[in-house]
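Asks: First, the structure itself, so that you have it in front of you.
The values are calculated or read from the model by the stated rules, or taken from the named source; none is laboratory data. No experiment lies behind these values; they were computed from the predicted model shown. Note that each Cβ is placed from the backbone with ideal geometry, even for glycine, and that neighbours are counted across all protein chains shown. Protein only, heavy atoms only, side chains kept; ligands, DNA and RNA dropped before computing areas. Shrake-Rupley method; radii C 1.70, N 1.55, O 1.52, S 1.80 Å.
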Amino acid sequence: MTETAASAPKTVARRPARRRRASAARLIVYPALGVLALLVFFAVFADWITPYDPLKQSLMEALQGPSMHHWLGTDDLGRDVLSRLIVGCRIAIIAAAEATSIAILLGVPLGLFVGYRGGWWDWSVMRLVEAIMSIPGIMVAIVIIAILGPGLHRAMIALGILFSTSFLRLARGVVLSEREEVYVRSARVVGTGDARILIRHIFPNVAPPLIVQATLTVGAVLLAEAGLSFIGIGVQPPNASWGTMLNTAASYMQLDWFLAIPPGVALVLTVLSINLLGDVLRDRIGRGIAVPAARPKAPKRPPKTAPAAGAPGRRPSPVPAPDAVLDVAGLDVVVTAGAGDEVPVLSDLGFSVRKGETLGLVGESGSGKTITGLAILRLIGTTGRITRGRITLNGRDISDLSERQMREVRGKEIAVVFQDPTTSLNPAFTVGEQIAEILRTRAGLSRRAAMARAVELIGRVGIPNPAERARAYPHELSGGMAQRIAIARALSCNPSVLIADEPTTALDVTVQQEILDLFRDLQEEFGMAIIFVTHDLAVAADICDRIAVMYAGEIVEEAPVDTLFSAPRHPYTAGLLAASPHGATRNPPLPTIPGTVPRPGAWPEGCRFAPRCPHAAPACDAAIPLGDGGHRVRCIRADTLDLRRSA
Amino acid sequence: MLRLIVQRVLALVPLLFLVSVLTFSFTSLLPGDPADLIVGQQGTPEQYALVRHRLGLDQPLVERYAHWVEHAARGDLGTSFFNSVKVSDAVMQRLPVTASLTAVAALIAIAVGLAAGIAAALRPGSAVDRIATLGATFGQAIPNFWFGLLLAAIFAVGLRWFPATGFTPISTSVGGWLASVALPAIALGFASSAAIARQVRSAMVGVLQQDYIRAARAQGLSSRRVIFRHALKNALVPVVAVLSFQITVLLGGALIVEQVFAINGLGTLAITAVRQQDIPMIQGIVLVMVAIVVVVQLATDLLYGFLNPKARPS
Ligand code: SF4
């Protein structure tokens, strides 16, 4: 699991988009089906509805524009364009049906067979397919037509052979993935024949993608048929197909450009409709065919839990502690969810860190730890927004800096180490380049100096052979090694604050301790303040000076690490401690207090922990302020409860 | 890198071999006897036998193939059945035409596809995105030759900005070449640019959500740097994987688009050869096209290896 608060609103945001797509799909499906229905109608009833004989020439009336008599005009031989267009519908359907069925009948059985048999058969047929596919499709068709001769049916055989390769690959792919499935194996054990297995067990799995592929093939066939007829080796004159009509149009372009319009529009509309249907089908089948069932409604705008300024529960932000490197006060952050509703994800957040100090942000998934770090750097995307609060960095308020000024802060003054080093390093560049790039663009070093410094940093984070390792790509390094690189990159500009977001969670247990030691060493050397985000109290106890416990977007308790562990005052902290005894194994991390953190937008009005709190009382229904002093707690009953662990 | 090149080149040898066998055996299946066509109705059996011998048709198929490959390797693709033109000469004369049309179309497709795909990916759901998606949908439904007809009608016949037909070699006049190749290349490249834009968009949207992009921003790198360096290099990996296929498609499409603009390229040569059942000519054209495809494939493979370190042999 990566993050928490940030990912929750994201899923919310995705939902209505999908709904919008579903209704857009309907908007597409009906017109597309309408076009195709019209096509079929014209094809079937062509003989009755064509106003003229499509082959009847009348040289007196050649190349006329649209008129009352000839709605779409006449061609070079005086034939009625509308009538030819309607007959063309029939040709198009015959062509599509012929070529697509040939392609399926040829490709699917062959693909099933070679996929199932495997071995030599599979190898040689696939090489053959590859060879065919390396020749431009139209050239393959041309060669086959050279053998068979031109004409509609022969050209469609050619296209059928050509397109069979895609069905072959599709069927083969499905067989390969299904062949070893348990049910097929069990079928074989009970002595079912091969043919029976293929037909009964495997073929049904081919069917859904087959339908999609067939739809897309129909579109491709129509275009290819038109192309072949256009260059004169498909349908032969005087027969009317859209392709031959376009061929005529090309010859008379200078005299009557309108000739190109009707067959072209008919062709494009048809292919467009089929492709759009194919897309919709693919979406549906890709998602498991089932239309998504009734979804829980997107959360409505929540009851305003975060009181406005001056409301009870919120004191005017105090002046930042004079020796604080970073001070956050009264921070409110909202994220725009699906329907444009803004859901609060952090409220009244306040803490400060001093030089050389490590502050732990601790809490379960969904408590808002990670988004806190991102909000400080203003990396909460276009959907996230800070609505209130002040962030003071080295005495300067950075909460209203422009994006440009903020960029100056990132990396140089506040840097981040993310949870998973294998995903937070760019796979396309060597690790040395990635560190050197920061030094070049941010610290203004020359290419050479940057590389030299990068190597130095890589050595500093405890990687042997730094010069050689600098040339490695992230995938060539172990997780622990990669995280050291990420740390080196974060420290490259000597930031005064380092945000470490679960930096040991993705790592092997044995490596975790080494990385924690590294953080301690580096802090001693560089003197930066560290905000250490973790869900693991044992880790926090190990490295932090102070700990702020977060729950549902707010801090519920904050105290020096020893005080917090020996005398927790918030029931949630006590619950966490009970679930993760100090010094005991970290596995499983937080087997926990019953229930889960409420999602943003679903926070209770009063104490957000109340639904899970064993000590909840009626008084807990009101918004509760965070106390003052060195040990702050957000619990109305904190003074009356004794939560000290008996152990 | 050298290792990668050698590895890829070796992998292509069997492909070329197979295609040559395929082409040869396929074209030898041609019904009707070319000798019949050449000698005609009045020919005597002696004449007929002579022609067959001259064409090598009296040899066993395997021997004919060996003979053909042996000569093809030396650049000799045989002689046309219908005139004494050497196939290699005819093909080489037309190749620059088709190749330059394909190359310009590919450049247009890549440039437009990249620009539209990136723009759409940066603001999903925006107007740019919707226009790009719409363009991609239409791009796949509009046949290149019809699009070419429309372009010719508007810009050549109507506005007279470009010549409607013909081809000016680049050696004659660069400007003339560009003018003659512009409309056909746009017509040809449109569909591919749509396909590439689709690929770029989906790849880019995926990459932009990656942790390393967030990490790059967290280091204070500029948006431009993050998008065009960190994101694009990764997003191009799946795009390059389909690029050689797109170029193959363009090469085939060129054969048809050439007809719209009456350009004398490989397309016209192939169509004539098909009508005359001119076996050596067809064989030669196919082989040359496959050779181009193979070279393109090699180039994209190398590009793929450059972009994706995981694909390099270590
Ligand atoms: S305020 Fe009440 S519900 Fe909340 S933690 Fe304290 S006792 Fe529990």
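Asks: Any idea which residue in region A:544-557 is nearest to the ligand (Cβ to nearest atom), counting only those that are open to solvent by 10 Å² or more (accessible area, probe 1.4 Å) and not in a loop (DSSP other than H, G, I, E, B)?
Replies: The selected residue is A:E554.
Asks: Identify, please: which residue in region A:262-277 is free of Cβ contacts under 8 Å to residues at least 24 places away in the same chain and of a type in the set (A, V, I, L, M) and is, among those, surrounded by the most Cβ atoms within 10 Å (Cβ to Cβ)?
Replies: My answer is A:V268.
Asks: Here is a further query. So which pairs qualify, if the first residue must be in region A:506-528 and touching a residue at least 12 places away in the same chain (Cβ under 8 Å) and closer than 22 Å to A:S496 by Cα, the second must be open to solvent by less than 80 Å² (accessible area, probe 1.4 Å) and of a type in the set (F, W, Y), the Cβ gap must be under 8 Å, and the two must be at least 6 apart or on different chains?
Replies: Once the first residue is touching a residue at least 12 places away in the same chain (Cβ under 8 Å) and closer than 22 Å to A:S496 by Cα and sits in region A:506-528, its partners that are open to solvent by less than 80 Å² (accessible area, probe 1.4 Å) and of a type in the set (F, W, Y) give A:F519/A:F532.
Asks: How many residues, within region B:281-314, are open to solvent by 10 Å² or more (accessible area, probe 1.4 Å) and among the small types (G, A, S)?
Replies: Final tally of qualifying residues: 4.
Asks: Next question. Please determine whether any residue of region B:253-269 is on the phi < 0 side of the Ramachandran plot, free of Cβ contacts under 8 Å to residues at least 24 places away in the same chain and either within 9 Å of chain A (Cβ to nearest Cβ) or part of a helix (DSSP H, G or I) (or both).
Replies: No, region B:253-269 has no match at all.
Asks: Let me spell it out: the conditions are (1) at pLDDT below 80; (2) surrounded by 14 or more Cβ atoms within 10 Å (Cβ to Cβ), and B:L2 meets all of them except one. Which number is the exception?
Replies: (2)
Asks: Just to be sure I understand the filter: pairs with C-beta atoms under 6 Å, separated by 6 or more residues or on different chains, first member in region B:81-103 and within 22 Å of B:H71 (Cα to Cα), second member surrounded by 16 or more Cβ atoms within 10 Å (Cβ to Cβ) and of a type in the set (D, E). Which pairs pass?
Replies: Correct list of pairs: B:F81/B:D278; B:F82/B:D278.
Asks: Out of the residues in region A:560-594 meeting the condition of being within 16 Å of the ligand (Cβ to nearest atom) and open to solvent by 50 Å² or more (accessible area, probe 1.4 Å), tell me which one is modelled with the lowest pLDDT.
Replies: For region A:560-594, the residue satisfying everything is A:T592.
Asks: Of all residues in region B:81-127, how many are open to solvent by less than 50 Å² (accessible area, probe 1.4 Å), in contact with a helix residue (DSSP H, G or I) (Cβ under 7 Å, 6 or more places away or on another chain) and not in a helix (DSSP H, G or I)?
Replies: 1
Asks: While we're on this one: How many residues are among the polar types (S, T, N, Q) and within 14 Å of another protein chain (Cβ to nearest Cβ) when one looks only at region A:373-397?
Replies: Looking only at that region, the number is 2.
Asks: Is it true that B:A311 is more than 10 Å from chain A (Cβ to nearest Cβ), of a type in the set (A, V, I, L, M, F, W, C) and touching a Gly at 6+ places or on another chain (Cβ under 6 Å)?
Replies: yes
Asks: Filter region A:364-391 down to the residues that are open to solvent by less than 10 Å² (accessible area, probe 1.4 Å) and on the phi > 0 side of the Ramachandran plot and list them by number.
Replies: Of everything in region A:364-391, just one residue is open to solvent by less than 10 Å² (accessible area, probe 1.4 Å) and on the phi > 0 side of the Ramachandran plot, namely A:G368.
Asks: Just a yes or no: is a residue in region A:471-482 under 20 Å from B:A215 (Cα atoms), part of a helix (DSSP H, G or I) and of a type in the set (S, T, N, Q)?
Replies: no
Asks: Please work out which one of (1) outside any helix (DSSP H, G or I); (2) at pLDDT below 80; (3) assigned by TED's automatic domain parsing to the domain that holds B:D278 is the condition B:A141 fails and give its number.
Replies: Of the numbered conditions (1) outside any helix (DSSP H, G or I); (2) at pLDDT below 80; (3) assigned by TED's automatic domain parsing to the domain that holds B:D278, the odd one out for B:A141 is (2).
Asks: Are there any pairs, at least 6 apart or on different chains, whose C-beta atoms fall under 6 Å, with the first in region A:533-558 and touching a residue at least 24 places away in the same chain (Cβ under 8 Å) and the second hydroxyl-bearing (S, T, Y) and part of a loop (DSSP other than H, G, I, E, B), and if so, which?
Replies: So the pair list comes out as A:L537/A:S580; A:M550/A:S367; A:Y551/A:S367.
Asks: Residue by residue through region A:618-644, note down the ones that are open to solvent by less than 90 Å² (accessible area, probe 1.4 Å) and away from the ligand (no atom under 12 Å from the Cβ).
Replies: A:G629, A:G630, A:H631, A:R632
Asks: Considering (1) aromatic (F, W, Y); (2) in a loop (DSSP other than H, G, I, E, B); (3) within 26 Å of the chain's Cα centre (by Cα), say which one B:W161 fails and leave the rest.
Replies: For B:W161, the exception is condition (3).
Asks: Follow-up. Would you check if A:R612 is within 11 Å of the ligand (Cβ to nearest atom), crowded, with 17+ Cβ neighbours inside 10 Å and more than 12 Å from A:H570 (Cα to Cα)?
Replies: Yes.
Asks: Mind checking whether some residue in region B:44-55 is in contact with a Ser or Thr (Cβ under 8 Å, 6 or more places away or on another chain), among the aliphatic types (A, V, I, L, M) and open to solvent by 80 Å² or more (accessible area, probe 1.4 Å)?
Replies: Within region B:44-55 (the criterion being in contact with a Ser or Thr (Cβ under 8 Å, 6 or more places away or on another chain), among the aliphatic types (A, V, I, L, M) and open to solvent by 80 Å² or more (accessible area, probe 1.4 Å)), the answer is no, since none of the residues qualifies.
Asks: One residue is enough: does region A:131-146 have a residue meeting the conditions within 14 Å of chain B (Cβ to nearest Cβ), under 38 Å from the mean Cα position of the chain (by Cα), aliphatic (A, V, I, L, M) and assigned to a loop (DSSP other than H, G, I, E, B)?
Replies: Checked region A:131-146: at least one residue is within 14 Å of chain B (Cβ to nearest Cβ), under 38 Å from the mean Cα position of the chain (by Cα), aliphatic (A, V, I, L, M) and assigned to a loop (DSSP other than H, G, I, E, B).
Asks: Which of the residues belonging to region B:200-245 are closer than 16 Å to A:E437 by Cα, more than 10 Å from every other protein chain (Cβ to nearest Cβ) and either open to solvent by 30 Å² or more (accessible area, probe 1.4 Å) or modelled with pLDDT under 85 (or both)?
Replies: Matches in region B:200-245: B:R224, B:F228.
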